[in-house]
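To keep things clear, I will list the structure first and then write my remarks on it.
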Amino acid sequence: MNEKKLKEAFMRAFDLSPDRDFEALGYRKIEAWTSVGHMRLISEIEEIFDVMLDTEEILDLSSFSKAKEILAHHEIDFQH
Amino acid sequence: MDLMSRLIAMPPFSMPQHQKDGVMLEGLRELCLYHLDHCEEYRRLGKVFDWNPAEARCAEDLPWLPVGIFKTHRLLSVSEHEVYTEVVSSGTSGRRPSRVALDRGTADLQARALSSIMTGVLGKQRRPMIVIDSESVLHDPKSFSARGAGVLGMMRFGRRPFFALDHQMQLREKELSGFLKEHAGESLLIFGFTFMVWEFFLQAVRRLGPDLSSSILIHSGGWKKLQARAVDNADFKAALSSAAGIRRIYNFYGMAEQVGSVFLEGEDGLLYPPVFADVVIRDPISWRPLPPGKEGVLQVLSLIPRSYPGHSLMTEDIGVIESIDSPAAGRLGKGFRIIGRAPESEIRGCSDTFSPPSGRMSDE
Amino acid sequence: MSEIRSFFPERDDNPGVAELLAPLCHPTLQAFEPRVLQLFREISRRISRSEDCRNSPELQALAFWLRPASIQRWQEEYDSLVQASRLLLPRGRVFHLPPGNVPLQFAYCWAYALVQGNTNIIRLSGRMSTDTEAFCRILREIADELPELRVDEHSLIIGFEHDENLVGAFSEASDVRVIWGGDETIRRIRRVPLPPRAIDLVFPDRSSLCMIRTKACMSLDRSAFQRLVTDFFNDAYSFDQLACASPRLVVWCGKEEESRRCAEDFFRMLADHLSEGEYRLSTGSSIERRLFATRSAIDLPVSRIREYSPELLVAEIDSPEGFRGYFCGGGFFFQAFLDQYSQLGPALSRRDQTLSVFGFSQDEIGAMLSLSGSESVHRVVPIGRALEFGRFWDGYDLLTAFSRWVPVDTGDRARS
């Protein structure tokens, strides 16, 4: 469920299709994930999960798996 | 005879490019070294940018100055008391004009160079002359505007000059009509700035309908204002030809900052550097020279400026070289076109709440 | 008087000053009103989802800054300042005179003023940038679709060419005037009188610099070094190096020989990064920069200028001064070498805005700045965050600058 929501955030921020290999996405590794795209991604994630990321977390969030890791600290569960 | 005298004595468009490359390299290198020796600021630039003119293998390797430097700095390679006259560019409102200082030697070279170029199309004959300007443009003998200097320089190739505009820049139509009647059938020399020729002279000859088929029109000043009215060189020529039968029409490109660089239009409509000058087109980012056919920033080279380091300047105009030693033109060397002014940078400092609405003033 | 155009609310009836001001009478707007927070949320979401705005870093940065999580943080900070015995109340009406050539600058101050409960007049000048147009369009869309937010009761965006009478008319109706610009612009506007109880906030042109401790830089592994270079790239090149906070001087602190080696590696790596093409120098900037380099070489104590790549010129100057004033941007850096970071202190000026640093402790920088007295920078950030607009700017606390402090002591507690 949460995995699907996170994918949704990435798709909105970067205009991705659902069949994309999300695990392979990385900051500056795809064209859309620039510093500008990054801001969009953060906004989308914060809105979808209703969380507030701090500056360190925003800087650290550089891949799909990293996003899950950071959100886990906000009690968002990706195990199920 | 020294190099410059030899070059000025040659027909102005008679040197094949490969030969000119050699002449320009030798001459410009000597000028670079001369200015490094004689101009303090130029020497400083040489040190800061690590210039090595002695090692240049072609004229393109030699250093250049941005033309805008003459708006803020008075660079001199002669002592102040040797300055004979100054040329000041016609900066429009809001812009500082450029200034360059000439000593007698450089001023003399400039005059001889211009004469060599103009007699190439005019011959030795001095025709009755119509100046599409006001006589008041001449009144400031100590420091000429480029426009005044241009008019004065051209007046030596004509006689009995008639100024077609009054002090308010209004057409003196009655007097013009009288002058044309008096010289009916004669070959005249008509000179003016491109836009003023279009705006004033063309309208007048359309009404007066004189036969000027044996006359010669020389004009300069740029196409910016006419481009805004979608008038290009071909339209310009066609209009004057149909209104008064003028067929020998020559545009030229030049600038106050590099005296003696007059690039005169050939029969093919392209501009050509005379034997003692040349042009290079460069990529605006890497500044590397570009081959013919590629648009870039125009660099102008001239062997004439000796009283100030203006022998190698980067203009703010975009141009393109269309041909080299083209047989069709009947001229040797590089045939080029000016495309327009380089787009201005948008200064985005946190300033100028009251900047003018368009953000920029136009230059003539 | 010159004609006034109204961009928000949009009207084409050539309105006068009084007509424009009429809807703006809302003295009961409060700090952090829900309808204002919803407006920010709408703006942020619409910008970040709009196709047209996608490629504008300026708009996206604004959207990011106005996103709910960010506003929530403002509110927490604001609430922590306010107590029953010490209130913050709006000043009233704020007249913004943003710079003509930094698009969207006005939106940040507007948001701070609005969230504190003020009504706003924003006067735009110069050419309307596409970003500014997009912002006004989005504001109009929101006002149309969500009339319950009553945006036109607190915000008016107008444009007129320089006219001291009009500046005077709007100033007369204002409680705070916010002026951005060059020294001359600020002087001119400040000559126009304000009502007796009103205040000016001024943001004159400033320039920024960066300081790196050579030892710290040399101890970085390759990927950390690369990250530092990328961070510096973002600071310097994002606005063509022309924002007030963009660094234009790089100061290296350490043994000169080591610093030179480190600087060399740094700029080479920056040149590599630039070769990837993320930043494109325009023809106009390139010409302007070359002219600036030539003038600097003649006029300043520059010992040499090196071209690492077409987008990167580095001019070595003898002392960390002379970099202020008119600037070309586009990838031109002054560079100076110091043995000790404390030597930078005396060279600083109140004309300097942002000092971005790498390899120093808060205490070290704090001690250096304290010794500088009134002549020093306005903010210190790590390299990579120079362009983050924040609550403290040019010496003001923008979260309270548009409010009045109102102590409330009723004597109640003393008696009981």
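Taken together, the values in this text are just the output of simple stated rules run on the coordinates, not laboratory data. Quick caveat, the model's predicted, so the values are computed rather than measured. Methodologically, a virtual Cβ is constructed for each residue, glycine included, from the backbone with ideal geometry; neighbour enumeration extends over all protein chains shown.
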Net charge dipole size for region B:170-240 [Lys, Arg +1 and Asp, Glu -1 on Cβ; Debye, nearest 20]:
240
Assuming a ≥ b ≥ c are the square roots of the Cα gyration tensor eigenvalues, decide whether region B:1-114 counts as rounded (a/c under 1.5), prolate (otherwise, with a/b larger than b/c) or oblate.
oblate
Sorted peptide list for C:115-125, C:80-90, criterion being average Cβ within 10 angstrom, highest first
C:115-125, C:80-90
Which FRET efficiency value, to the nearest 0.05, is calculated for B:His18 and C:Glu77 with the Förster distance at 51 angstrom and r the Cβ-Cβ distance?
0.10
Taking the Cβ of C:Leu81 as the center, what net charge do the other residues with Cβ under 12 Å away carry, scoring Lys and Arg +1 and Asp and Glu -1?
-2
Mean ellipticity per residue at 222 nm, deg cm²/dmol - from DSSP H runs of n ≥ 4 across chain B, formula -39500 (n - 2.57)
-8500 deg cm²/dmol
So what's the net charge close to B:Asp232: Lys and Arg +1, Asp and Glu -1, counting the other residues with Cβ under 14 Å from its Cβ?
+3
Long-range amide H contacts for B:Phe163: which residues qualify at under 5 Å (H placed 1.01 Å from N, peptide plane, sequence gap of 5 or more or a different chain)?
B:Val131
Seen from all sides and averaged, what is the projected area of the convex hull of the Cα atoms in chain A, in nm²?
4.7
Over 30 Å (Cα to Cα) among A:Lys4/A:Lys29; B:Lys71/B:Lys174; A:Lys29/B:Lys294 -> B:Lys71/B:Lys174; A:Lys29/B:Lys294
Please give the charge dipole size of region B:216-278, origin at the Cα centre, charges +1 on K and R Cβ atoms and -1 on D and E Cβ atoms. Round to the nearest 20 debye.
320
Along the dipole axis of the protein assembly as shown (charges at Cβ: +1 for Lys and Arg, -1 for Asp and Glu; origin at the Cα centre), the most positive-end residue among B:Phe200, B:Val131, C:Ser356 is B:Val131
Inter-chain shielding metric for A:36-44, i.e. average beta-carbon neighbours from other chains within 10 angstrom, reads 6
For helix C:34-49, report the angle its Cα long axis makes with the longest principal axis of the Cα atoms of chain C; keep it between 0 and 90° and round to the nearest 10°.
50
Descending packing, highest mean Cβ count within 10 Å first, for C:183-190, C:18-25, C:38-45 is C:38-45, C:183-190, C:18-25
Using the Karplus curve 6.51 cos²θ - 1.76 cosθ + 1.60 with θ = phi - 60°, what ³J(HN,Hα) values do you get for each residue of region C:274-283, in whole Hz, with x for Gly and Pro?
5, 5, 6, x, 5, 9, 10, 6, 7, 4
Work out the mean other chain Cβ neighbour count within 10 Å for the residues of C:291-297 and drop it here as an integer.
6
Taking the Cα centre of chain C as the origin and placing charges on Cβ (Lys, Arg +1; Asp, Glu -1), which of C:Ser125, C:Ala84, C:Ser208 is farthest toward the positive end of the dipole?
C:Ala84
Relative contact order as a percentage, chain A, C-alpha pairs under 8 Å and 6+ apart, gives 36
Would you compute, from DSSP H runs of 4+ residues alone, the mean residue ellipticity of chain C at 222 nm, taking -39500 (n - 2.57) per run and dividing by the full residue count, rounded to the nearest 500?
-12000 deg cm²/dmol
Solution diffusion estimate, µm²/s, Stokes-Einstein, the protein assembly as shown, Kirkwood Rh from C-alpha pairs, 37 °C, viscosity 0.692 mPa s
106
Report, ordered by chain and residue number, the aspartates and glutamates lying within cross-link reach of A:Lys5, taken as a straight Cα distance under 17 Å and ignoring same-chain residues fewer than 8 apart.
A:Asp15, A:Asp19, A:Asp21, A:Glu23, A:Glu44, A:Glu46, A:Glu47, A:Asp50, A:Glu69, A:Glu75, A:Asp77
Using only Cα positions of region C:207-391, each an equal point scatterer, no hydration layer, compute I(q)/I(0) via Debye at q = 0.14, 0.16, 0.17 Å⁻¹ and quote the log10 values to two decimals.
-0.72, -0.97, -1.11
The farthest towards the positive end of the charge dipole of the protein assembly as shown, of the residues C:Ser303, A:Ala9, C:Phe135, given +1 on Cβ of Lys and Arg and -1 on Cβ of Asp and Glu, is C:Ser303
Using only the alpha-carbon atoms, how far is helix B:104-122 inclined from the longest principal axis of chain B? Give it as 0 to 90 degrees, nearest 10.
50
Could you pull out which residues in region C:293-323 have an amide N less than 12 Å from a spot 7 Å beyond the Cα of C:Gln343, following the Cα-Cβ vector?
C:318-321
The helix C:222-237 Cα axis meets the longest alpha-carbon principal axis of chain C at an angle in degrees, between 0 and 90 and rounded to 10, of 50
Expressed in µm² per second, the diffusion coefficient of region B:111-252 from the Stokes-Einstein equation, with Rh the Kirkwood radius over alpha carbon pairs, at 20 °C and 1.002 mPa s, is 140
Interchain or long-range residues, amide H under 5 Å from C:Val357's placed H:
C:Met211, C:Val381, C:Ile383
Solution diffusion estimate, µm²/s, Stokes-Einstein, region C:330-411, Kirkwood Rh from C-alpha pairs, 37 °C, viscosity 0.692 mPa s:
217
Set of lysines with alpha-carbon distance to B:Lys237 below 19 Å, sequence-local pairs under 8 removed:
B:Lys224, B:Lys225
Amide H neighbours of C:Ile122 under 5 Å, at least 5 residues apart or on other chains, H built in the peptide plane: list them.
C:His96, C:Leu156, C:Ile157, C:Ile158
FRET efficiency, C:Asp152 to C:Asp397 (Cβ-Cβ, R0 41 Å, nearest 0.05):
0.90
So what J values fall out for region C:13-26 if you push phi through Karplus, 6.51 cos²θ - 1.76 cosθ + 1.60 with θ = phi - 60°, rounded to Hz, Gly and Pro as x?
9, 6, x, x, 4, 4, 4, 5, 7, 3, x, 8, 9, 9
Chain C - share of DSSP beta bridges that are antiparallel (%, nearest 5):
30
Beta bridges by DSSP in region C:272-405, antiparallel share as percent, to the nearest 5:
50
Would you list, by chain and number, the lysines whose Cα falls below 19 Å from the Cα of B:Lys20, excluding same-chain residues fewer than 8 positions away?
B:Lys334
Within 10 Å of each Cβ in peptide C:55-63, how many partner chain Cβ atoms are there on average? Round it to a whole number, please.
3
What is the calculated FRET efficiency for B:Met10 to B:Glu182, with r their C-beta to C-beta distance and R₀ = 51 Å, to the nearest 0.05?
0.85
Net charge near C:Ser342: determine it from the other residues with C-beta under 14 Å of the C-beta of C:Ser342, scoring Lys and Arg +1 and Asp and Glu -1.
-2
Magnitude of the Cβ-charge dipole of region A:2-72, K/R +1 and D/E -1, about the Cα centre, nearest 20 debye?
240
